[in-house]
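*Asks:* Have a look at the structure that comes next, please.
The values are calculated or read from the model by the stated rules, or taken from the named source; none is laboratory data. The structure displayed is predicted, hence computed values, not measured ones. Cβ: placed from backbone, ideal geometry, glycine included. Neighbour counts: every protein chain shown.
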Amino acid sequence: MSNSIPFNLDPPGTYIYTGEMATKGYKLTRFGLSLRRPDNREKFLADEDAYMRAAGLSDEEIALVKARDWTGLLQAGGHLQAMLKVAATLGQNLWHIGAHNAEMEVEELMRLCPRKVNALPGGED
Amino acid sequence: MAKIIGGFAISHTPSMGMEYDKGMANGFSPHWQPWFDGTRPMKDWLARMNPDRMVIVYNDHLNHFDFDAYPTLAIGIAPEFRQADEGWGLRPFPSLVGDVDLGWHLTNKLVRDGGFDLTVCQDLAIDHGIYSWMPYLKDTPWDTPIVPIAINMVRHPIPTSQRLYNFGKSIRAAIESFPSDERILVVATGGMSHQISGARFGIANEKLDRYFLSKLKSYVQELVDLPQEELMRLGGTEAAELAIWFAMRGALTDNIDEVYSYYTFPAITGCGVIAFEEKG
Ligand SMILES: [Fe+2]
């Protein structure tokens, strides 16, 4: 995968979190944010399926979490900040999400970052 | 009446906070040492300014609020604000002290005169938006009372840059009618260039960040007039948080000195700080 970065806001480069995404991913985001509480993190780790079913997630959403499919979760409307809490609870972090989004290994992404660009307003259209 | 003595703007990121804790325990990593060194003069400046109060415009990252109710503009009014658990436990820092009187005064003025309908939060947990940089600038106990104001930056629509600039102007008017002789600093935090999701993860536009820092004092309207999409396109989606900086700049006059600015790019977020003092 190359390190060139497109100067546009289209997927898969960028997922803008709109109202439409917030509606689509409402339960997924709510589930992620429930993990702000340590007792919920314990419950989730003890039985992922049961916890997610109780949170009202669909079979598709549960499958995405079980696959640690961070890109799929963002596309399903899970907010990055909420999915980050899921990742943290599972012993992963922002780099795992980013690497999955960028279709790279974590180590490769870390090597490439910071991914330097140099453009001022109006440039690099 | 209370007086605004100056203001500063500073970046925030979760890693900035975690690296502080690690750095103080075992020494800073080569990536973060420059940020620690670069914020030393800010710490000295803040101690010299010795403000009585700080009004801090920041943004929450779904660590206190959730989408059941996500306010576009919210103000914290409480004797203290606890640290938010972001999902990986609390860091060893105390709660922040609040100023209830100033909080209500600002609310009354901003809602009734300023035209800014704030959501009032009498319980507000604060995340890395403030906790990540505060240790670099102030030793504990953190005894300078604050009024935190949270701006939605996590779900579009976010407030426009002009709106936040005007918000700053209204904050100024509100502070200047507060019956006290307090000396107040206005602070903004957010940005700079970064994007933490999508295939553009890790974008780093130092040129854009330095351009922004160079224009904030004397050419702020040029920055305010930039479409936020342009900041996001060039600096990453989270660079939109730079719009928060306009609230601080709007609260200051044009009769200011730029007393310090510093910039570095430690990992995946442009980290900058800039400080202004009112001459009057
Ligand atoms: Fe932020």
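*Asks:* Please go through the range B:58-74 and give me each residue that is within 16 Å of the ligand (Cβ to nearest atom) and more than 11 Å from residue B:152 (Cα to Cα), ordered by number.
*Replies:* Residues satisfying the conditions are B:63, B:64.
*Asks:* Among the numbered conditions (1) under 16 Å from residue B:138 (Cβ atoms); (2) more than 14 Å from chain A (Cβ to nearest Cβ), tell me where residue B:17 comes up short.
*Replies:* (2)
*Asks:* Let me ask something else about it. Please find, within the range B:229-243, the residue that is farthest from the ligand (Cβ to nearest atom) out of those that are in contact with a Phe, Trp or Tyr (Cβ under 7 Å, 6 or more places away or on another chain) and in contact (Cβ under 8 Å) with a residue 24 or more places away in the chain.
*Replies:* B:234
*Asks:* Can you name the condition, by its number, that residue B:19 falls short on among (1) surrounded by 16 or more Cβ atoms within 10 Å (Cβ to Cβ); (2) touching a helix residue (DSSP H, G or I) at 6+ places or on another chain (Cβ under 7 Å)?
*Replies:* (2)
*Asks:* Out of the residues in the range B:178-194 that are within 12 Å of the ligand (Cβ to nearest atom) and of a type outside the set (S, T, N, Q), which is nearest to the other protein chains (Cβ to nearest Cβ)?
*Replies:* Checking each candidate, the answer is B:194.
*Asks:* I've got another one for you. Tally up the residues in the range B:56-68 that are part of a strand (DSSP E or B) and either in contact with a Phe, Trp or Tyr (Cβ under 7 Å, 6 or more places away or on another chain) or in contact (Cβ under 8 Å) with a residue 12 or more places away in the chain (or both), please.
*Replies:* Matching residues across the range B:56-68 total 3.
*Asks:* Every residue in the range B:256-271 that is assigned to a strand (DSSP E or B) and within 18 Å of residue B:29 (Cα to Cα), please.
*Replies:* B:263, B:264, B:271
*Asks:* While we're on this one: Here's a check for you: in the range B:31-55, which residue that is of a type outside the set (Phe, Trp, Tyr) and assigned to a loop (DSSP other than H, G, I, E, B) is surrounded by the fewest Cβ atoms within 10 Å (Cβ to Cβ)?
*Replies:* Ranking the qualifying residues of the range B:31-55, first place goes to B:50.
*Asks:* Look through the range B:124-144, keep the residues that are within 15 Å of the ligand (Cβ to nearest atom) and part of a loop (DSSP other than H, G, I, E, B), and return whichever of them is nearest to the other protein chains (Cβ to nearest Cβ). Steps first, answer last, please.
*Replies:* Of the residues in the range B:124-144, the ones within 15 Å of the ligand (Cβ to nearest atom) are B:126-134.
Among the residues that remain, those that are also part of a loop (DSSP other than H, G, I, E, B) are: B:127, B:132-133.
Values: B:127: 9, B:132: 14, B:133: 18 Å.
Step by step, filter the range B:124-144, then rank; the result is B:127.
*Asks:* At least 2 residues that are surrounded by 14 or more Cβ atoms within 10 Å (Cβ to Cβ) and in contact (Cβ under 8 Å) with a residue 40 or more places away in the chain in each: list the helices (runs of 4 or more DSSP H) lying fully within the range A:21-77 that qualify.
*Replies:* Passing ranges, in order: A:26-34, A:38-46, A:70-75.
*Asks:* From the list A:124, A:108, exactly one residue is over 25 Å from residue B:60 (Cα atoms), of a type outside the set (Val, Ile, Thr), at pLDDT 95 or above and out of contact with any Leu (no Cβ under 6 Å at 6 or more places or on another chain). Which is it? Can you show your working first?
*Replies:* Numbers: A:124 fails: at pLDDT 95 or above.
A:108 is the lone residue from the list that is over 25 Å from residue B:60 (Cα atoms), of a type outside the set (Val, Ile, Thr), at pLDDT 95 or above and out of contact with any Leu (no Cβ under 6 Å at 6 or more places or on another chain).
*Asks:* Could you please give the count of residues in the range A:78-94 that are within 8 Å of the chain's Cα centre (by Cα), facing chain B (nearest Cβ under 10 Å) and either of a type in the set (Val, Ile, Thr) or not in a helix (DSSP H, G or I) (or both)?
*Replies:* Looking only at that region, the number is 1.
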